[in-house]
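Working notes, structure below.
Laboratory data are not the source of any read-out in this text; all were calculated from the coordinates shown. Since the structure is predicted, the reported quantities are computational estimates derived from the model, not experimental observations. Cβ coordinates were reconstructed from backbone atoms using ideal geometry, including for glycine residues, and neighbour counts include every protein chain displayed.
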Amino acid sequence: MNKPTLILIAVIALVAGVFFGLRQNAPDLSELTGFSFPEPALLRDVKLIDHNNEPLTESHFQDKWTFIYVGYTFCPDYCPMTLTTLNQTHALLTEDSDTPPATLLVSVDPERDTPEHLKEYVKFFNDDFTGATGSPDEIRKFADQVSAVYALPDDRSDPNYLVDHSSTVILINPDAAVQAVFTPPQTADTLAKDFRLLVAHYQSR
Amino acid sequence: MKLFFALTLLLFGSLTSASEGIMISEESAWARATPPGSKTTAIYLTVMNHSGADISLTAATANISERVELHTHINNDGMMKMQQVVSIVVPAGGQAQLKPHGDHIMVFNLQDQLKQGELVSVELTFDNGQTQNLQVPVRKEPPSANNTMDHDGTEHSGMKH
Ligand SMILES: [Cu+2]
């Protein structure tokens, strides 16, 4: 064999090795419990208010992973249960890394959920959690982007009104794009497992 | 035989204050601890029916609020909707599980924050005339040791991934 042929074989072997090596590392997303978007859509024109009364825009989501829950604090069951689950998920993922994903509660009920009340509420579950809300239009625009659905009653004269909502958990990737959606009932084990798979998949791109 | 009968009665008496067939599983009962300023919570428990006929839970009261209702959740096209119900059936020889994302005792107008370790006095009324009084512990998380609260997908079969 002449020299150029040997070099060619070496190059092919190297390329194949890298290719199959990568393929081996790419995780199998068919094991996901949640739904992962093949082409995550970037969040756009986010104009929410965080629990410190500061503007929260799409830049909030850049360079980190964020779990979002869309709900309301008057909710006695799904919302506290899911935030409890997200706190457990946070604990599981803190074992993996010093930088676990962030968690954000977006309230669709700005009439009752002031930033001050949201702050008290999220801190009850975890000191690292953030709350946000906004104007009804801006909340709707945001919820649409993360495939969350909800319905406030038209008549809200009774202060005890209830809000129907999809109770989904959404995962935003470090590009500030919608990576995945988890429908209820979510568990800390499956959220943590899915999160690890999705991060590995994201890094293997 | 008489002794056996007496012992059985004694044993049952220690597990429950039930007569006529309804028994509450004490370790299943909990009330959700609340964040500061929250006005609502839910109470969960498992009711067992050892009789040969269906019995319905028709009312609940609790010493933490004047407004306590029986509720269920329905999945309305992917939206979770909470609804008041008149009663919750405990089937003959079976049980009714009041648990997160399902049937629950709903508490409105909470005056004080409910803190882990406190006790709530609950009275349950059944349509066979029975009433049950119990002390329900306040917890931040469900009593089960694992953090997965619901593995049966049956009541969520409408949800597609
Ligand atoms: Cu309810």
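A few notes on this one:
- Taking 0.36 nm per residue of sequence separation and removing the Cα-Cα distance, the residue B:97/residue B:72 pair yields an extension gain of 7.9 nm.
- Computing FRET efficiency as 1/(1 + (r/R0)^6) for residue A:54 and residue A:91, where r is the C-beta to C-beta distance and R0 is 22 Å, gives about 0.20.
- Helix axis angle, A:115-125 relative to chain A longest principal axis, alpha carbon, degrees: 60 degrees
- Sequence-distant residues sharing a close amide H with residue B:55 (under 5 Å, placed H): B:90, B:92
- Segment A:34-131 - convex hull of the alpha-carbon atoms, volume per residue in Å³: 118 Å³
- Among residues other than residue A:47 with Cβ under 10 Å from its Cβ, the summed charge is -3 (Lys and Arg +1, Asp and Glu -1).
- Measuring r between the beta carbons of residue A:31 and residue B:20 and using R0 = 41 Å, the FRET efficiency lands at 0.25.
- In chain A, the longest principal axis of the Cα atoms and the axis of helix A:136-145 are about 30 degrees apart.
- DSSP-loop GluC sites (Glu not before Pro) across segment A:105-155, with at most 14 other Cβ within 10 angstrom: A:111
- Ranked B:27, B:118, A:95, criterion: other C-beta atoms within 10 Å, fewest first: A:95, B:27, B:118
- Applying a threshold of 19 Å to the alpha-carbon distances of B:81/B:140; A:47/A:123; A:119/B:39; A:119/A:141; A:64/A:119 flags B:81/B:140; A:47/A:123; A:119/A:141; A:64/A:119 as lying beyond it.
- Integer Hz, Karplus 6.51/-1.76/1.60 couplings in order for segment A:152-166, x for Gly and Pro: 7, x, 5, 8, 10, 6, 6, x, 9, 4, 10, 10, 7, 7, 6
- The aspartates and glutamates within cross-link reach of residue B:115, meaning a Cα-to-Cα straight distance under 13 Å and a gap of 8 or more places when in the same chain, are B:141.
- Nearest 10 degrees, 0 to 90: helix A:3-25 Cα axis against chain A principal axis: 30 degrees
- Gain in span if fully extended, residue A:112 to residue A:98, counting 0.36 nm per residue against the direct Cα distance: 1.6 nm
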